[in-house]
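S.K.: Sharing a structure with you now.
Read the figures in this text as sums done on the coordinates, not as results from a lab. None of the values given here were measured: they were computed from a predicted structure. Ideal geometry is used to build each Cβ from the backbone, glycine not excepted, and the neighbour counts take in all protein chains shown.
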Amino acid sequence: GRWEDALSLLPRMTRQSGLQPDAISVSTAMNACKRCGQWEKALEIFIEMRAKGVEPDLISFSTAISACEKGGQWERAKGFLDEMRQRGIPPNVITFSAVISACGK
């Protein structure tokens, strides 16, 4: 996979087009990392996204939880699920399945 290329496009998006990364573009970059076995990098992107003021949505939380699943990080996965509830973002079946799977690793 070319996860490094995916990540390089986020800052380029701002530099060349003046567009700010949003939850969709960040989730897509996280997914690229996760699919290439870079689950830690996916979580790093999620944390950076929030530090830069990009509000996470269902997709970005689910992607972060799925990255936790890949890395066997069940406590973090459950923490993200709790945070979703606190923010009023209802989890879906995919989200719950990823948390359940993370707990099983």
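S.K.: Please report V26, V54 as a ranked list, fewest other C-beta atoms within 10 angstrom at the top and most at the bottom.
M.R.: By the 10 Å Cβ count, ascending, the order reads V54, V26.
S.K.: Using the Cα centre as the reference, give the magnitude of the dipole from point charges on the C-beta atoms of the range 1-97 (Lys, Arg: +1; Asp, Glu: -1; all else neutral), rounded to the nearest 20 debye.
M.R.: Dipole about the Cα centre, nearest 20: 120 debye.
S.K.: Mind computing the radius of gyration and Dmax over the alpha-carbon atoms of the chain? Å is fine for both.
M.R.: When restricted to the Cα atoms of the chain, Rg and Dmax are 13.4, 43 Å.
S.K.: Could you tell me which residue out of I47, T95, A6 lies farthest along the dipole of the chain toward its positive end? Charges go on the beta carbon: Lys and Arg +1, Asp and Glu -1, centred on the Cα centre.
M.R.: With unit charges placed on the Cβ atoms, the residue in question is A6.
S.K.: Given points 7 Å out from each Cα along the Cα-Cβ axis, report the E44 to T14 separation in nanometres with one decimal.
M.R.: Once both label points are built, they end up 1.7 nm from each other.
S.K.: Taking 7 Å along the Cα-to-C-beta vector as the label spot, tell me the R35-K52 distance in nanometres, rounded to one decimal.
M.R.: Using points 7 Å along Cα→Cβ, the separation is 2.1 nm.
S.K.: With an 8 Å cut-off on Cα pairs and a minimum separation of 6 or more residues, tell me the relative contact order of the chain in percent.
M.R.: It rounds to 22 percent for the chain.
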